[in-house]
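Undergrad: What follows is a structure written as structure tokens; I'll ask about it next.
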Amino acid sequence: MRAALLAALATLLVGAPAAGAAANPWIESKPLDIAHQGGEDEFPSNTMYAFKRSLQVGADMLELDVGVTKDGQVVVMHDTTVDRTTNGHGTVASFTLEQLRKLDAAYWFSGGSNAYSHSRPRAAYRLRGVATGKRRPPAGFTKADFRVRTLREVLRAFPHTPINVEIKGRTKAEELQEYLTNADALARTLKGTKRRDVIVVSFKQEAVDRFHELVPALPVAPGIGGAANWLLNGGSPGDGVVAFQLPITYKLGAQTLQITTKANVARAHREGYAWHTWLSDDGESPAIWTSLIEDGVDGVMTARPKAFAELLHRRAHRLHGKPPTR
């Protein structure tokens, strides 16, 4: 997580007792394959192409991030700026939706480790130019699948796919008001939805609380504050919470906190909460995935949904005494 996590873990006061849910549909017998940013190591981050491809190769759920444009539109983008993944420059909040539509959202994608390096040979960026019409789209896709899209468009495209939505701040200052403004915009977007398979989360507990106040029917995952209160103090993670979404470890200097453990996952289940683990800070490998499965987590937010799906497939066949099929 961010550096603020340890400080929050160390300083939060004791809160109200945690209230377990009687029956939580997010608690799974096998972990969900959650495509983080649509599976950003295998497909270009947060693009419609990535979402479609990750589901084709075995993902169960999509994870994405939202920010708000200069003209108030809720768009899907991971970073504060567009620089890392697109051919544009500047913060998401400095663009109108029409301006963002003109960018190539797969411009710097090359795949694999360090998938958005800007220093590789031009040929490595094999999807560059599809969004702008300079290159033919892969079969079954259009150039629009490689552009920045709105959250409404993604929800409409995947009406039966669980989706995790993270509220971001959108300047380097990371001021609380940015998160609250974006939580308000997200609430306006989701206010009338009939869906209940969307989880909303943010690092800022205040943004989670604001969203839940405005759209109480949709489930949430706690921010740093709620997770810390539950982990350290036996307190409530917050109203409306159905799942924790936390890393395996958190490091502060030489100290490493173990966050995702078999004991913590079991406690969450006893109290009616699911557990999703994200791996941005811990790395990914079959060994790490296997350890998480054995810890009983309900979902793994992976940058490599295809590889994770293949591991789940192999494990399922071994458990049933059958050789894996191709």
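For (1) in contact (Cβ under 8 Å) with a residue 24 or more places away in the chain; (2) open to solvent by 30 Å² or more (accessible area, probe 1.4 Å), each residue gets a yes or a no:
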position	(1), (2)
ALA243	yes, no
ASP281	yes, yes
GLU294	yes, yes
HIS317	no, yes
HIS320	no, yes
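Undergrad: Can you report the number of residues in segment 205-235 which are farther than 15 Å from VAL165 by Cα, assigned to a helix (DSSP H, G or I) and either touching a residue at least 40 places away in the same chain (Cβ under 8 Å) or of a type in the set (Gly, Ala, Ser) (or both)?
TA: Result for segment 205-235: 10.
Undergrad: While we're here: Does segment 171-188 contain any residue that is crowded, with 21+ Cβ neighbours inside 10 Å, modelled with pLDDT of 95 or more and farther than 17 Å from VAL92 by Cα?
TA: Looking through segment 171-188, none of the residues is crowded, with 21+ Cβ neighbours inside 10 Å, modelled with pLDDT of 95 or more and farther than 17 Å from VAL92 by Cα.
Undergrad: Moving on to the next point. Quick one: which of ASP197, ASP239, ASP184 is of a type outside the set (S, T, N, Q) and out of contact with any helix residue (DSSP H, G or I) (no Cβ under 8 Å at 6 or more places or on another chain)?
TA: None of the others qualify; the one that does is ASP197.
Undergrad: Turning to a different aspect of this structure: Mind listing whichever residues of segment 85-130 are closer than 24 Å to PRO305 by Cβ and open to solvent by 40 Å² or more (accessible area, probe 1.4 Å)?
TA: Scanning segment 85-130 gives TYR107, TRP108, SER113, ASN114, ARG120, ARG126.
Undergrad: Any residue at all in segment 225-232 that's more than 16 Å from the chain's Cα centre (by Cα) and either of a type in the set (S, T, N, Q) or surrounded by fewer than 21 Cβ atoms within 10 Å (Cβ to Cβ) (or both)?
TA: Yes, there is a match, as at least one residue in segment 225-232 is more than 16 Å from the chain's Cα centre (by Cα) and either of a type in the set (S, T, N, Q) or surrounded by fewer than 21 Cβ atoms within 10 Å (Cβ to Cβ) (or both).
Undergrad: On to the next question. When you go through (1) open to solvent by less than 20 Å² (accessible area, probe 1.4 Å); (2) in contact (Cβ under 8 Å) with a residue 60 or more places away in the chain one by one for VAL200, which number turns out not to apply?
TA: Every condition holds for VAL200 apart from (2).
Undergrad: Here's another thing I want to ask about it. Taking segment 177-204 only, how many residues are more than 22 Å from ARG156 (Cα to Cα) and either part of a loop (DSSP other than H, G, I, E, B) or in contact with a Lys or Arg (Cβ under 6 Å, 6 or more places away or on another chain) (or both)? Lay out the reasoning, then the answer.
TA: Residues of segment 177-204 more than 22 Å from ARG156 (Cα to Cα): 177-181, 202-204.
Restricting the remaining residues to those that are either part of a loop (DSSP other than H, G, I, E, B) or in contact with a Lys or Arg (Cβ under 6 Å, 6 or more places away or on another chain) (or both) gives 178-180, 203-204.
The number of residues fulfilling the criteria is 5.
Undergrad: Step by step: first the residues of segment 83-105, then only those that are touching a residue at least 60 places away in the same chain (Cβ under 8 Å) and among the β-branched types (Val, Ile, Thr), then the one that is nearest to ARG147 (Cα to Cα). Which residue is that? Give the derivation first.
TA: Step one: filter segment 83-105 for residues touching a residue at least 60 places away in the same chain (Cβ under 8 Å), giving 86, 91-93, 105.
Subset that is among the β-branched types (Val, Ile, Thr): 86, 91-92.
Values: THR86: 9, THR91: 16, VAL92: 14 Å.
Result: THR86.
Undergrad: Need the failing condition index for GLU284 against (1) over 21 Å from ALA50 (Cβ atoms); (2) in a loop (DSSP other than H, G, I, E, B); (3) acidic (Asp, Glu), just the number.
TA: Failing condition for GLU284: (1).
Undergrad: On to the next question. Taking segment 246-272, which residues are open to solvent by less than 10 Å² (accessible area, probe 1.4 Å) and of a type outside the set (Val, Ile, Thr)?
TA: Listed by number, the residues that qualify are LEU246, PRO247, ALA268, GLY272.
Undergrad: Okay, next question. Out of segment 45-77, which residues are over 24 Å from PHE203 (Cβ atoms) and open to solvent by less than 10 Å² (accessible area, probe 1.4 Å)?
TA: Scanning segment 45-77 gives a single hit, MET48.
The values are calculated or read from the model by the stated rules, or taken from the named source; none is laboratory data. On a predicted model such as this, the values are computed, not experimentally measured, just so you know. Neighbour counts run over all protein chains shown; Cβ positions are idealised from the backbone, glycine included. In case anyone asks, the SASA skips ligands and DNA or RNA and just uses the protein heavy atoms, side chains included. Shrake-Rupley method; radii C 1.70, N 1.55, O 1.52, S 1.80 Å.
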